[in-house]
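J.: Got a structure for you, written out below as structure tokens; questions coming shortly.
Each reported figure results from applying straightforward, stated rules to the coordinates on display, with no laboratory input. Here the structure is a predicted model, which means the values were calculated and not measured. When we count neighbours, we look across all protein chains shown, and the Cβ atoms used for this are built from the backbone with ideal geometry, even at glycine.
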Amino acid sequence: MQRREMFKLPLIAAATLAIPAARAADRCETDGTPLQFVPKTPKDASPLENELKKYPKCPYCGMDRTQYHHARHLVHYADDLVDGTCSIHCLAISLAINLDREPKAIYAPDNASAEAVKPLVNVDQATYLIGGKLPGVMTHRSKVSFAGKEAAMAAKEKHNGEIGDFAAALSASYADLAKDTLMIRRKREERRQHMQKKSG
């Protein structure tokens, strides 16, 4: 499947974004148009330099990308706008709502690396372990990336799951989006209730 066509799969991503009704004073002139989803960071020709400092939080869920360095992804669009996300789940959202923005490169972490923060590799060279016993980030079915197929196969031997390329992992992310969104909403509501009981 061609990468450009893969990004244009029928999507339900827009329905997964819980965007609260903003007060009039908080609204931007692009609200209500596709431009409201354009990455808000400045153009960046070298997004991998000091990547976690420039893109510390996922723009779609607010999660800390350093904490979730092992799941984070980054898309560098052709116009040099960048979305640094916490996971392939949120990357799928970025690709869905930026349909007219062509990706120049997409990066995923090498989970075979022993470094304290997993280095990023181009997804064209990455192999994913989809499902199995490894925990997922923002998903019930994990999609864990490795720089090499051998490392992914070794992880499969230990944790089960299926081997796939980036296209397979992204397709699995879109297939899981509805169930994952319900799971995330439930967990966040449980957290809110817990905090209310704790503060009350």
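J.: How high is the relative contact order of region 93-190, in percent, with contacts defined as C-alpha pairs under 8 Å that are six or more residues apart?
T.: Values: 135 pairs, mean separation 24.2, N = 98.
Computed value for region 93-190: 25 percent relative contact order.
J.: Still on this structure, please answer the following. Give the dimensionless ratio obtained when the Cα radius of gyration of region 122-185 is divided by 2.2 N^0.38 Å.
T.: Values: Rg = 11.5 Å, N = 64, 2.2 N^0.38 = 10.7 Å.
Taking N as the residue count of region 122-185, the ratio is 1.08.
J.: Could you name the aspartates and glutamates in cross-link range of residue 104, using Cα to Cα under 19 Å and dropping any fewer than eight places away on the same chain?
T.: 5, 44, 49, 51, 79, 80, 83, 124, 165
J.: If I model a spin label at residue 153 and residue 179 as a point 7 Å from the Cα along the Cα→Cβ vector, what separation in nanometres do I get?
T.: About 2.8 nm, to one decimal.
J.: What is the Rg over Rh value, at two decimals, for region 40-91, using alpha-carbon atoms and the Kirkwood definition of Rh?
T.: Details: Rg = 10.0 Å, Rh = 10.8 Å.
We get a ratio of 0.92 for region 40-91.
J.: Related question: Using mean Cβ contacts within 10 Å as the protection proxy, how do 69-78, 111-120 order, highest first?
T.: 69-78, 111-120
J.: Each residue of region 78-91 in order: what ³J(HN,Hα) in whole Hz does its phi give by Karplus 6.51 cos²θ - 1.76 cosθ + 1.60, θ = phi - 60°, with x for Gly and Pro?
T.: Along region 78-91, the couplings run 4, 8, 6, 6, 10, 10, x, 10, 7, 6, 5, 4, 6, 4 Hz.
J.: Stretched out fully, how many nm does the piece from residue 114 to residue 187 gain, at 0.36 nm a residue minus the Cα gap? If you can, show how the numbers build up before the last one.
T.: Working: separation 73, 0.36 × 73 = 26.28 nm, distance 3.06 nm.
Net length gain for the segment: 23.2 nm.
J.: May I pose another question? Calculate, in nm to one decimal, what residue 133 and residue 67 gain on full extension: separation in residues at 0.36 nm each, minus their alpha carbon distance.
T.: On the way: separation 66, 0.36 × 66 = 23.76 nm, distance 2.03 nm.
Answer, rounded to one decimal: 21.7 nm.
J.: Please state, rounded to one decimal and in Å, the Kirkwood hydrodynamic radius that region 74-185 gives when every pair of distinct Cα atoms enters the mean of 1/r.
T.: Values: mean 1/r = 0.0702 Å⁻¹.
When all Cα pairs of region 74-185 are included, the Kirkwood radius is 14.2 Å.
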